[in-house]
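The values are calculated or read from the model by the stated rules, or taken from the named source; none is laboratory data. Computed from a prediction, not measured in an experiment: that's the story for all the values here. Glycine gets a Cβ as well: all are built from the backbone with ideal geometry, and neighbour counts include every protein chain shown. These accessible areas exclude ligands, DNA and RNA; they are computed on the full protein's heavy atoms, side chains included. Shrake-Rupley method; radii C 1.70, N 1.55, O 1.52, S 1.80 Å.
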Amino acid sequence: MVLEAAQQLLAKGLVVGVSGNVSMRLACGGLLAITPSQRFYDELGPEDIVVIDFEAEPVAGELPPSVESLLHIEVYRRRPEINAVIHSHSPFASTLAVIGLEIPPILEDQVIYLGGEIKLAPSPPPGTEDLSQQVLAALEGRNAALMANHGAVVLGLNLKEAIAACQLLEKTAQAYLWALSLGKVTTLSQEAIARGKAIFALRHHPPDAP
Ligand SMILES: [Zn+2]
């Protein structure tokens, strides 16, 4: 599934070459499957996907795991409802990350599925504890964040949702850039933001069944 997701990201133009990484929390708990470091997505086979524990120790697979493994682990530790993480380098999100702009709440689906405004995290060197902490702070209560001069991170309840979130972030970034370039940005009303955030919260923390 991680391999399939990585290849879909490549096909959709959300990553190129060896950039970005994809992971999924494994149902057995305390483990994740993640793409390997510095390998071309179109040459990956199922045996190249690496399984590591929450200490980043290898459990299965021959290749070294993604350099961003610490970030993925930290998300799974802090967000128990999240089961898939994607780090993408998609063009429009990357453009905003270069300009250094956050995305205000401008579209209803952005708020419902990504949680609201998209914050921009500073980007310390890849793979560092500092980077994980900065990105996790920007993801607080949300499923997407931009990484300055680098790319983006999106989360999902499962891999399918994480890929959809990746595409939604890219669409939102594109709409924002077009709106900025045409000189007028209208943000959602407070009511629409509150309604969207309520749906986001309900999807991520459904009330216990009676
Ligand atoms: Zn990257």
Practice item. Go through the range 76-86 residue by residue and tally those that are crowded, with 16+ Cβ neighbours inside 10 Å and either within 15 Å of the ligand (Cβ to nearest atom) or in a loop (DSSP other than H, G, I, E, B) (or both). Key: 5
Exercise for review: Just one of (1) open to solvent by less than 60 Å² (accessible area, probe 1.4 Å); (2) more than 16 Å from the ligand (Cβ to nearest atom); (3) closer than 21 Å to Ala97 by Cα trips up Phe200, so point out which.
Suggested key: (3)
Revision key, fill the gap. When the range 65-75 is checked residue by residue, the ones that are in a helix (DSSP H, G or I) and closer than 20 Å to Leu169 by Cβ are Leu71, His72, Glu74, Val75
Practice item. Would you point out the residue of the range 87-108, among those that are in a loop (DSSP other than H, G, I, E, B) and within 16 Å of the ligand (Cβ to nearest atom), that is most open to solvent (accessible area, probe 1.4 Å)? Key: His89
**Study point:** Identity of the residue in the range 121-137, on the phi < 0 side of the Ramachandran plot and assigned to a loop (DSSP other than H, G, I, E, B), that ends up modelled with the highest pLDDT
**Key:** Pro122
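Based on this model, can you work out whether Glu140 counts as outside any loop (DSSP other than H, G, I, E, B) and surrounded by fewer than 23 Cβ atoms within 10 Å (Cβ to Cβ)?
Values: outside any loop (DSSP other than H, G, I, E, B): no; surrounded by fewer than 23 Cβ atoms within 10 Å (Cβ to Cβ): yes.
When the stated conditions are applied, Glu140 does not pass them.
Quick grid of which residues meet (1) closer than 30 Å to Ala179 by Cα; (2) of a type outside the set (Gly, Ala, Ser):
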| site | (1), (2) |
| --- | --- |
| Leu14 | yes, yes |
| Gly30 | no, no |
| Leu44 | no, yes |
| Thr95 | yes, yes |
| Glu108 | yes, yes |
Exercise for review: Search the range 19-34 for residues being assigned to a loop (DSSP other than H, G, I, E, B) and farther than 22 Å from Leu168 by Cα, and hand back the single one that is modelled with the lowest pLDDT.
Suggested key: Gly29
Exercise for review: Enumerate the pairs (first residue in the range 6-32 and over 18 Å from Ser69 (Cα atoms) and within 13 Å of the ligand (Cβ to nearest atom); second residue anywhere and open to solvent by 20 Å² or more (accessible area, probe 1.4 Å) and in a loop (DSSP other than H, G, I, E, B)) with beta-carbon separation below 8 Å, excluding pairs fewer than 6 apart on the same chain, so at least 6 apart or on different chains.
Suggested key: Leu14/His89; Val16/His89; Gly17/Phe40
Review point. How many residues does the range 143-192 hold that are within 16 Å of the ligand (Cβ to nearest atom) and open to solvent by 60 Å² or more (accessible area, probe 1.4 Å)?
Key: 1
Review point. Of the residues in the range 40-77, how many are in contact with a helix residue (DSSP H, G or I) (Cβ under 6 Å, 6 or more places away or on another chain) and of a type in the set (D, E, K, R)?
Key: 1
